[in-house]
Amino acid sequence: VDKVKKVKYRVDADDIELLLSTCPDVVVVSDMFKSEAVNTLHEAEINVYVFKSPKNYAEIKEQITGLAAMAGEQERGQEMIAEMDAKLEAIKAKVVDIRPEQMPRVMFMSPLGAYYAPDSSFNDMCRLAHVTEATSLLGYEHACTLSQEAIVQINPDSFVISDWNHDGKHPPEALVNELLSNESYKITNAGKNKSIIVIPSSHMLTSSQYFVDGVEDLARAVYPDRFE
C-alpha cells in the first residue's frame, strides 16, 4: 500500500480512452473487470492478462505463479511463494496442537453486517490461523446476508473487522462502537467480553502475498500467548 501511494499517475478503470493513451505493454485485470472493456482493449491490440479472483490461499499462489510467468519472472514468483509457505509453517507450528473444540469462533463484520459465504478468503484465513469461522457452522446452500437474529444464534466469541475506511466517513472505531452498543449483540460472547479484533485491510481484504500477514494478525489476536 505504501509503495503504491508513490505512483502519481492513475487511470480510472472506466476511462478506457485515457488508459489507451498511456500505451501500456500489458493491462492486468481480474475476472470481475468489465468484459466490454477487455474487448475494447483487445480491439486496440493491447495485451490483456485476466486472472481469476482468488478465494483461498491455494488460488492466491496460482495467481502469483501466473503473473510471474506472464512477466517472465517465474523464479521470483516461486521465491515469493516459498516465503509465504515458510511464514505459514511458522504460524502453524505455534497453533497446530489446538484441538477443534478449543478453537474460538470468530465472525467477520462490516458496516453492512455479516455475510455467509462458505468459499470466502476469510474462511481460509480462519482455517490457516486455527480458529473457527462461526458462520461455517450454518451449512446453508447459498451465500446470503445474515440477520441479527442469526448472528445472535451463532454466538461468536469475537467479531473481526477491517480498518478500511472506504469513504473517509466510516472509521473502524465507529463500527466497534456500533457493535458494542447493539443491544442484540450484547448477549453474545463477543459482546459480553467486548472482543473485537481489528485487522489491517491491506492484510485482510487482499488476494496477494499479504494474505499471509492477515493469517498471522488473526492468529496473534486470538492466541497472543502463543506469539510472545
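The values are calculated or read from the model by the stated rules, or taken from the named source; none is laboratory data. Quick caveat, the model's predicted, so the values are computed rather than measured. FYI the Cβ positions are ideal-geometry reconstructions off the backbone, even for glycines, and counts take in every protein chain you see. Only protein heavy atoms, including side chains, enter the accessible area calculation; ligands, DNA and RNA are left aside. Shrake-Rupley method; radii C 1.70, N 1.55, O 1.52, S 1.80 Å.
Between Asp163 and His42, what length comes free when the chain is fully extended (0.36 nm per residue of separation minus the Cα-Cα distance, one decimal in nm)?
Full-extension gain reported as 39.8 nm.
Can you give the local net charge around Asn182? Use residues other than it whose beta-carbon is closer than 13 angstrom to its beta-carbon, Lys and Arg +1, Asp and Glu -1.
0
May I ask you to list the GluC sites (Glu not before Pro) in the stretch 10-49 that are in a DSSP loop and have at most 14 other Cβ atoms within 10 Å of their Cβ?
Answer by residue number: Glu45.
How long is the gain from Ala69 to Asn182 if the chain were fully straight, where each residue apart is worth 0.36 nm and the alpha carbon distance is subtracted?
Separation in residues times 0.36 nm, less the Cα-Cα distance, equals 35.8 nm.
Let me know the volume per residue of the alpha-carbon convex hull for the stretch 72-132, in Å³.
Output value, Cα hull per residue: 126 Å³.
May I ask which residue of Tyr49, Ala93, Gly66 lies farthest towards the positive end of the charge dipole of the stretch 1-104, with charges of +1 (Lys, Arg) and -1 (Asp, Glu) on Cβ and the Cα centre as origin?
The one lying farthest along the dipole's positive direction is Ala93.
Heavy atoms of the protein only, probe of 1.4 Å, neighbouring chains included. What is the accessible area of Tyr9 in Å², nearest 10?
140
So which trypsin sites (Lys or Arg not before Pro) in the stretch 1-45 end up in coil per DSSP with only 12 or fewer other C-beta atoms within 10 Å?
Lys6, Lys8, Arg10, Lys34
Over 18 Å apart: what share of the alpha carbon pairs of the stretch 176-228 falls there, rounded to a whole percent?
For the stretch 176-228, the fraction of Cα-Cα distances above 18 Å is 48 percent.
Report the antiparallel proportion of the DSSP beta bridges in the chain as a percent, rounded to a multiple of 5.
20
Where a Cα-Cα gap under 18 Å defines reach, which aspartates and glutamates qualify for Lys34, not counting those fewer than 8 residues away within the same chain?
Asp12, Asp14, Asp15, Glu17, Glu43, Glu45
Would you work out the relative contact order for the chain, in percent, from Cα pairs under 8 angstrom that are 6 or more residues apart?
18
I'd like the trypsin sites (Lys or Arg not before Pro) in the stretch 154-215 restricted to DSSP loop residues with at most 11 other Cβ atoms within 10 Å, sorted by number.
Answer by residue number: Lys169.
Can you give me the P(r) profile for the stretch 127-198? Cα pairs, bins 5 angstrom wide beginning at 0, each as a whole percent.
All Cα pairs considered, the percentages come to 3, 14, 23, 23, 22, 12, 3, 0.
Quick one: if you take sqrt(5λ) for each eigenvalue of the C-alpha gyration tensor of the stretch 1-98, what semi-axes come out, biggest first, whole angstrom?
With the √(5λ) rule applied to the stretch 1-98, the semi-axes are 33, 15, 14 Å.
Using only DSSP helix segments of four residues or longer, with each worth -39500 (n - 2.57), what per-residue ellipticity at 222 nm results for the chain after dividing by its residue count and rounding to 500?
-12500 deg cm²/dmol
Distance cut-off 24 Å, Cα to Cα: go down the list Lys3/Lys87; Lys55/Lys92; Lys5/Lys194 and report the pairs above it.
Among Lys3/Lys87; Lys55/Lys92; Lys5/Lys194, the Cα-Cα distance tops 24 Å for Lys5/Lys194.
Counting only protein heavy atoms and using a 1.4 Å probe, what share of the accessible area of the chain belongs to carbon plus sulfur, as a whole percent?
Roughly 51 percent, rounded to a whole number.
Rg and Dmax of the stretch 97-221, using alpha carbons, in Å: what are they?
13.8, 42
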